[in-house]
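Q: This is the structure, below, for whatever I ask next.
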Amino acid sequence: MDDNLVEAMRHDYATAPISDQDRVMLDYVVKLTKDATQCSEQDHARLREVGFDDRGILQITLIAAWFNYINRVADALGVGRDWNRNDLIKQHRDASLRARTGSRLAGQTGTSANPARRRRT
């Protein structure tokens, strides 16, 4: 993904160079996140105007609602509050490495995923 687009999205998706369809979807998701009782048939009509069908609207709603739910659960339990940005970046890199190599021990230097091949120190 383009770094400039990522930065623009972080700053304000409403002014980022994205499609009308993406912007309308994000407007709806923000509204749903702030107060779902404010979502109306007019919002659904606007989503249809930019190309979403009923199934797409349902999927957008379910995915956004699920993320809202799971984030609230995590917040209530204090999950991740002690993480810093560098930890998250390292965790992402390790997960990417594991996905590419099949290693369960990515990020641990001097070890091998195969216990029989681990170096003894």
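Here, each number is a calculation from the coordinates, and none is a lab measurement. Since the model is a prediction, treat every value here as computed from it, not as a measurement. Methodologically, a virtual Cβ is constructed for each residue, glycine included, from the backbone with ideal geometry; neighbour enumeration extends over all protein chains shown.
Q: Using Cβ counts within 10 Å as a stand-in for footprinting exposure, how do His44, His11 rank, fewest first?
A: His11, His44
Q: Note down the net charge around Met9, summing +1 for each Lys or Arg and -1 for each Asp or Glu among other residues with Cβ under 12 Å from its Cβ.
A: Details: positive: Arg10, Arg23; negative: Asp2, Asp3, Glu7, Asp12, Asp22.
Net local charge, Met9 excluded: -3.
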